[in-house]
Each structure stands twice: as C-alpha cells, then as structure tokens.
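Before any comments, here is the structure.
The values are calculated or read from the model by the stated rules, or taken from the named source; none is laboratory data. All of these numbers come straight from a predicted model, not from anything done at the bench. In this analysis, Cβ positions are derived from the backbone assuming ideal geometry, glycine residues included, and neighbour counts consider all displayed protein chains.
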Amino acid sequence: MACILANVSTIIGQQVLAGMSVLKGYRVLDFGRYVAGPYCAALLGDFGAEVIRIEKLAGSEDRHTMPVEPDGVGALFLQMNRNKKGMTLNPMKPQGREIVRRLVETADVVVANLPARGLKAMGLDYDSLRQIKPDIILTTASTFGSEGPYSDRVGFDGLGQAMSGGPHLSGSPDEPTRDAYTVVDFGTAMMSAFGTVSALLHREKTGEGQMVEGALLRTALTYAGSYLTEQELTGVNRVASGNRSQIAGPADIIPTKDGWIMVQVIGDPLFERWAHMVGKPELLQDARFRGDAERGRHGTELSAIAREHSSRFTTDEALAIYAEASVPAGPIYTPQQALDDPHVKEAGFLQPVAYDGLPAASLVKAPISLSKTGAAIEAPAPMLGQHTTEILKSLGYDETEISELRKNRIV
C-alpha cells in the first residue's frame, strides 16, 4: 500500500482506539475547501466517522497550498484531510448530480464551506438535500453567513480578522497586523464540528435533520466579544499596543540575551510573585499597578521593568527564573523549535504520518482528547481520486459505467 502510517505499533494502537470511536458508523461527505470545512470533517473523522472528501477532477485548490512534494501536494491538504477517502466529481453535470444523489442517500452529514449561492448551484443547499434524505445534516461555513447584506460575498480568514477589530488592536497604530495563522478558519471549523455533533445528538432523539451554519466573521466577533462589549459600554476606543496587553501587565514579548520570551502576568497573586521575582516589591504599593486594569493602562512601565530584568539572562535562564517563581512565561519559537520541543513530543500532540512519495511528516492530532472515546489519525490524506472507483462501486455502479463516467469527465 502506497500510503502508510509511520510504524506498525502506531497502527495497532489506533485500531484499538478506532473500536471505541464515538462517531463510528456515521458517513460524512466533505465538499469543503481549504480549512473551515475540511478541518471540521477531519475532526469528525478523527473521532471515527467515515469521511469522503470530494474534489474537482483536477484537484481542489487547497490540495496544492504550501506544496511539499514534487507533484505539488500541499502541507495544508495533508493536515486537513487525514482519515478521509478521496474521490473526484463534477456535480455540475447531470450524471454528477446523480452521483451526489446516491451519495447523499447513504450519508448522515454533508459539509460544504461555500456561500449560499454556491451551495444552490451545486444542489447542496439544505432544501435540495432534504428532498433526497429528510434527516440529512448540512454543515456549512462561509465568510459572512447566509443572512445580511454581505451574505453572497466570498472571503478568507483574514477578512474575519479584519472586520472584528483584531488587526486594529495588533501591530502598531500606524500599521494594523493580522495573525499569521488562520485562527478564525480553525475556530470556525471546530465550532462547526461541535454543531454537527450536537445536530447528530438531536437527530438521535427526534429523527430530525437540520442545517448547521458557521461564519468566519461570527467566529472572529466571538473572539472579540469582550472588547466589543467594553467599547459599546465605555467608548474607550483602544488603539494598537504591539505585543503588549492593554488589560493586564506585564504581559508582553520580552527580549533576553539570546532570544525572546512571552510573559503573561494576570491577576494580583501573579503580579505579587512577579514583583518579588524582579526584586521590586515596592511596586505592590504603587497606585498605578493596583488591579489588572491599572496595570494594563501602565503596561509600558511594567514591560520596561521586565525587559531590564530579562536582559541579564539567556532565554533558558529567564524561563527557569519565571518557572521557579510560578509566573507564566514561555519561549518564542520558530516552527522548527515547536517541532523539536520535548513537551510537544512527549505529550503526543503530533503524529508522524507518511503520504505517498514523502517521508513521514508530523500531523497535529485532534486538539482535544477523551478518556474513553479516543481520536486517532488512521490514514493519511488521500491521493487525488484514490477511492473514486471503490466509492462508485459501493453506490451500485459497475466497471462499464465507471469507465463511461471517466470518459465523460464526470469523475
């Protein structure tokens, strides 16, 4: 078999977990792209659901994002599409619509992160799907949601960040700064998976299907919620302060002799420990630093003290001092350092998985664990169209019909 997991012992362990997987027996059709849809489906697959990733005949755009091998398969695709079977399909042609119909008849969930207009054009809108299978669950995610004046607009993670106020509060007052990671996409995917499982529980109780809808802007506004409430009630009009927190302190990225550390002091007990740690207990009597709000307002002064203290030490030495004082601090890592961190390795957050033609690469396992119904990565992302024939045969197509479908560029 071309696609293999890194080692036999890992496979055996995963098979044991698979037997306990809480979503085993559910079928998910993944028409997603990039992160919000595919990662939602990947999480469902991690917990045992059978997931079929359906791509364009030439491969979906996200297959090639951040290419890591000669044929162009990308790191994003490998992460987002583990534990899935893969097939190609053109659902815009009548024969393709018939395949969609047969697939939906066998499915419990359809995942599609597309605007409402795109869903309708592909016959994946909820009204069309429930005509095929009344108890189907449709999980969608779009940039702005299905209601409101922006509902038909397309977009990516950065738009959700931008329109929630995040970049305005990051960077400097002269230059808003977005987060390098697609945090809004991932948050939307995780909440969509939560909504999907909730919908499955509802169906178990009532027999009813429903539509689950996520939106990038809604997720981003959730992250911004406390800032929005504060703005509405106080009119504070916060501006960017770089890496420094405005609601507590010292909470900032601080240089050391040979690198950088992240320091986060929140709450009076931590501030008391930090003040003694840096040899300045008199700070505890200073009115400027009473309570998180005041420390946030005077965070520049506290960051300066933290900088002066850490400038005398290497990163390792500074982190040891913070750990001894039980004050939160951590190193600023490169991606390679994150891979090499001993805690990341020993805690089992990553799993080496080999894709066809590539050495084993670290995939990040499900970000939550359950003690009795474990999650596991049992298979790498599928090669383009790897399971198309297998899936079509399961739907009742014979070899001659499949050959005709390929000839007509339906699959």
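Side notes on the structure shown:
- Of all residues assigned to the range 314-328, at least one qualifies as being outside the structural domain of residue 65 (by TED's automatic domain parsing), among the aliphatic types (A, V, I, L, M) and assigned to a loop (DSSP other than H, G, I, E, B).
- Entirely in the range 67-127, the helices (runs of 4 or more DSSP H) that have 1 or more residues that are more than 24 Å from the chain's Cα centre (by Cα): 94-106, 116-121
- Among the residues listed as 278, 239, 265, the single one being touching a residue at least 60 places away in the same chain (Cβ under 8 Å) and touching a helix residue (DSSP H, G or I) at 6+ places or on another chain (Cβ under 7 Å): 265
- The residue of the range 352-411 that is nearest to residue 190 (Cα to Cα), among those that are assigned to a loop (DSSP other than H, G, I, E, B) and basic (Lys, Arg), is 365.
- Of everything listed in (1) β-branched (Val, Ile, Thr); (2) surrounded by fewer than 20 Cβ atoms within 10 Å (Cβ to Cβ); (3) over 25 Å from the mean Cα position of the chain (by Cα), the single unmet condition for residue 177 is (3).
- Single residue of 218, 203 found to be basic (Lys, Arg) and more than 21 Å from residue 148 (Cα to Cα): 203
Here is a yes/no grid of residues against (1) basic (Lys, Arg); (2) touching an Asp or Glu at 6+ places or on another chain (Cβ under 9 Å); (3) in the same structural domain as residue 25 (by TED's automatic domain parsing):
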{"site": "87", "(1), (2), (3)": "no, yes, yes"}
{"site": "112", "(1), (2), (3)": "no, yes, yes"}
{"site": "117", "(1), (2), (3)": "yes, yes, yes"}
{"site": "128", "(1), (2), (3)": "no, no, yes"}
{"site": "137", "(1), (2), (3)": "no, yes, yes"}
{"site": "148", "(1), (2), (3)": "no, no, yes"}
{"site": "151", "(1), (2), (3)": "no, no, yes"}
{"site": "161", "(1), (2), (3)": "no, yes, yes"}
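- Selection of helices (runs of 4 or more DSSP H) fully inside the range 187-279 by the criterion of at least 2 residues being under 22 Å from residue 299 (Cα atoms) returns 225-234, 268-277.
- Unmet requirement for residue 213, which otherwise passes all of (1) closer than 30 Å to residue 152 by Cα; (2) charged (D, E, K, R); (3) out of contact with any strand residue (DSSP E or B) (no Cβ under 8 Å at 6 or more places or on another chain): (3)
- Pick from the range 9-39, criterion modelled with pLDDT of 95 or more and β-branched (Val, Ile, Thr), ranking: nearest to residue 155 (Cα to Cα): 35
- Test for residue 329: is it in contact (Cβ under 8 Å) with a residue 60 or more places away in the chain and buried (at least 18 other Cβ atoms within 10 Å of the Cβ): yes
- Number of residues in the range 275-311 that are farther than 20 Å from residue 326 by Cβ and either within 37 Å of the chain's Cα centre (by Cα) or not basic (Lys, Arg) (or both) equals 18.
- When residue 123 is tested against (1) in contact with a Lys or Arg (Cβ under 8 Å, 6 or more places away or on another chain); (2) at pLDDT 95 or above; (3) closer than 25 Å to residue 45 by Cα, just one condition goes unmet, and that condition is (2).
- Scanning the range 245-269 for residues that are surrounded by 15 or more Cβ atoms within 10 Å (Cβ to Cβ) and more than 31 Å from the chain's Cα centre (by Cα) returns a single hit, 256.
- Scanning the range 395-411 for residues that are among the polar types (S, T, N, Q) and surrounded by 13 or more Cβ atoms within 10 Å (Cβ to Cβ) yields a count of 0.
- Identity of the residue in the range 24-66, part of a loop (DSSP other than H, G, I, E, B) and of a type in the set (Gly, Ala, Ser), that ends up nearest to residue 376 (Cα to Cα): 48
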